[in-house]
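Only one structure is covered here, and it is reproduced in the block below.
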Amino acid sequence: MPRFGLWLQLACGPLFVCSTALAQPTSGARAHFAQGVEQAELGDFDSAAANFEEAYRLSPHYAVLYNLGQAYSAIGKSIEALRAFEMYLERGGQKVAPERQDEVRQLILMSKKRIGYVAFEIEPPEATLMIDGRAIDRASLRVPTSLIAGIHGVAMTLPGYQTFVGSVNVEPQKIVSLKMKLEPAPASAIPAPLDGVPIGQIAVDSALPEINVLLDGTAVERVGKEPFLAPVGRHRIRCQRDGYERLDLLVEIHEKGIARVHCDLTPARELRAAETGFVSFKIDQSNAEVLIDGRRIPSSIRLSAGLHAVRIRCLGFVDWTRTVTARPGFPETIVVQLTPTPEHALETARTANKRRTLAYVIGGTGIALLGTSAALYATNNGRYRNWAAHGDTGSPDLQTALSIQRQDDAALGVAVVGGVMLGYAVISWLSSR
């Protein structure tokens with residue numbers, strides 16, 4: 001839990017009474033700060049940040065920046081948190097205790113791990129760049145723009161040009177380059193979301209890759225499945241791809257919201273051989289299930305030409321996901337080896353260990369029985385020699401002969417059981433590897 005109320009906890013006497021070297025807070029700043037501390041303790045970090053901002057505006061004491069930075073961190077504003085913590089160390093200087101400096105440096109590192117950078121290259125240079133609906137100062141584009149890691153909507157507008165709408169995926173502590181060039185606007189171009197005009201985002205979900213999306217009749221540039229920007233209001237979305245029935249939908253865009261559209265295209269009823277390709281899968285698990293473009297299909301199928309999303313799943317194994325290309329005239333066979341899930345692999349290992357342990361026990365018992373059989377046979381062999389010697393000098397003892405025979409039979413039976421157990425143990429041990 002973040003520690004708030006640092007300003008209140010300064011070890012310099014009564015509340016807000018510090019040395020003359022420190023700025024004296026006004027009553028308004030004191031009230032906003034105290035309210036911010038209370039809200040932070042209740043978990044209302046948005047309101048706490050607003051009160052800390054006002055407290056700092058009324059009385060810019062460096063200690064408030066510590067609280068402000070923690071409030072920003074709690075609501076995901078890592079860029080603002082980073083600046084607040086850096087200003088805290090800069091303006092606090094030697095007045096900040098060494099242990100507090102170490103703590104804040106760790107908070108700075110944590111904030112930096114949540115921030116990435118985008119190097120924008122725009123043409124024409126006088127175009128207006130917008131990120132998440134907010135216009136960006138052109139002068140700031142001379143250096144990479146810092147953004148919270150994740151997907152951000154971007155747009156570039158200029159009167160007389162077709163608006164660029166798209167998104168950028170910002171990776172932590174990395175610089176992503178994004179080049180945007182506007183083309184002259186055709187007569188059917190959609191209205192540009194100019195600065196001050198509310199915009200939202202549209203996310204088009206489709207199990208089928210490489211679909212074409214049109215917004216109010218104009219093709220949309222998309223990066224994968226990332227959302228793109230559009231003016232607030234009702235719009236017509238068209239999803240289409242060769243070999244599939246097109247789909248028209250209406251979508252309502254709200255300011256700063258994301259409208260999700262699911263485009264589940266249906267394959268065209270009749271396709272020529274030149275428009276299809278044959279794909280088959282050889283899977284090491286016979287009970288695996290194959291899904292292509294979200295639909296369950298057999299392991300061999302003829303598909304419309306182009307990219308298709310494949311998912312092969314089997315209980316106890318990690319889903320196998322790939323994109324495959326169906327090419328007319330080039331049938332393709334794909335060999336799939338599924339990887340056990342960690343839980344399944346662990347259970348398999350436990351079962352194998354149990355089988356090996358049982359194999360050792362059974363094998364050891366079999367060896368012991370074979371040893372017992374050998375001992376019985378050796379002992380009985382001596383008895384037989386004695387009996388045979390007595391038979392040469394007189395009449396042989398019939399009872400002794402029967403006893404020797406029974407012991408031979410027992411030794412043979414023990415040997416057979418021991419051999420069977422040893423063979424079973426060897427097979428079990430080999431199968432458990």
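The values are calculated or read from the model by the stated rules, or taken from the named source; none is laboratory data. Quick caveat: nothing in here was measured; it's all calculated off a predicted structure. Ideal geometry is used to build each Cβ from the backbone, glycine not excepted, and the neighbour counts take in all protein chains shown. When the accessible area is computed, the model is the full protein with side chains, heavy atoms only, and any ligands, DNA or RNA have been set aside. Shrake-Rupley method; radii C 1.70, N 1.55, O 1.52, S 1.80 Å.
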Estimated distance in nm for a label pair at Ser286 and Leu412, the labels positioned 7 Å out from Cα along Cα-to-Cβ: 4.1
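Tell me the per residue accessible area of region 309-394 using a 1.4 Å probe; a whole number in Å² is fine.
67
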In terms of the Cα gyration tensor, with a ≥ b ≥ c the square roots of its eigenvalues, is the chain rounded because a/c is under 1.5, prolate because a/b exceeds b/c, or oblate? oblate
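At a 1.4 Å probe, what is the % contribution of carbon and sulfur to the accessible area of the chain? Kindly include the intermediate steps, with their values, before the conclusion.
Working: 13540 of 24740 Å².
Whole-percent figure for carbon plus sulfur exposure: 55.
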If Lys and Arg each add +1 and Asp and Glu each add -1, what is the summed charge of the other residues whose beta carbon sits under 15 Å from the beta carbon of Pro340? -2
Just to confirm a number: summing +1 for Lys and Arg and -1 for Asp and Glu over residues other than Lys181 whose beta-carbon lies under 15 angstrom from that of Lys181, what do you get? -4
Counting only DSSP loop positions in region 237-332, the GluC sites (Glu not before Pro) whose Cβ has at most 10 other Cβ atoms within 10 Å are Glu270
Using amide H atoms built in the peptide plane, which far-off residues or other-chain residues are under 5 Å from Gln162 H to H? Glu183, Ala185
Work out from phi, with θ = phi - 60° and the Karplus expression 6.51 cos²θ - 1.76 cosθ + 1.60, the ³J(HN,Hα) of each residue of region 149-159, listed in order in whole Hz, and give x for Gly and Pro. 4, x, 8, 10, x, 10, 8, 9, 10, 6, x
For a test of understanding, tell me how many lysine pairs in the chain have Cα atoms under 27 Å apart, given they are 8 or more places apart or on different chains. 23
Exposure of Ile312 as accessible area (Å², to 10), given a probe of 1.4 Å and all protein chains: 0
With the cut-off at 1.5 for a/c, could you classify region 244-295 from its C-alpha gyration tensor as rounded, prolate or oblate? oblate
Determine the per residue accessible area of region 103-143 with all protein chains present and a 1.4 angstrom probe, expressed in square angstrom. 58
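When ranked by the protection proxy of mean other Cβ atoms within 10 Å per residue, highest first, what sequence do the peptides 82-88, 41-47 form?
Working: 82-88: 21.6, 41-47: 13.9.
Packing proxy ranking, top to bottom: 82-88, 41-47.
How much length is gained if the chain between Lys179 and Ala31 is pulled fully straight, taking 0.36 nm per residue apart and subtracting their Cα-Cα distance, in nm to one decimal?
Numbers: separation 148, 0.36 × 148 = 53.28 nm, distance 4.77 nm.
The Lys179-Ala31 span can extend by a further 48.5 nm.
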So how far, in whole Å, is the C-alpha centre of region 321-369 from the one of region 66-129? 49
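Of the DSSP beta bridges with both residues in the chain, give the percent that are antiparallel, rounding to the nearest 5. Before the final figure, lay out the partial values.
Values: 56 of 73 bridges.
Of the beta bridges lying entirely in the chain, close to 75 percent run antiparallel.
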For the chain, built as a Gaussian network whose Cα springs stay under 10 Å, the top-fluctuating residue of Tyr72, Tyr384, Tyr117: Tyr384
What translational diffusion coefficient, to the nearest whole µm²/s, does region 91-189 have by Stokes-Einstein, given a Kirkwood radius computed over alpha-carbon pairs, a temperature of 10 °C and 1.306 mPa s viscosity? 102
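Tell me which trypsin sites (Lys or Arg not before Pro) from region 252-323 have a DSSP coil assignment and no more than 15 other beta carbons within 10 Å of their own.
Working: sites: Lys256, Arg260, Arg269, Arg272, Lys282, Arg295, Arg296, Arg302, Arg311, Arg313, Arg322; in loops: Lys256, Arg269, Arg272.
For trypsin sites (Lys or Arg not before Pro) across region 252-323 that sit outside H, G, I, E and B with at most 15 neighbouring Cβ atoms in 10 Å, the list reads Lys256, Arg269, Arg272.
Within a Cβ distance under 13 Å of Val96, other residues only, what is the Lys/Arg minus Asp/Glu net charge? Write out the running numbers ahead of the final one.
Numbers: positive: Arg91, Lys95, Arg100, Arg105; negative: Glu86, Glu90, Glu99, Asp102, Glu103.
Local charge sum for Val96: -1.
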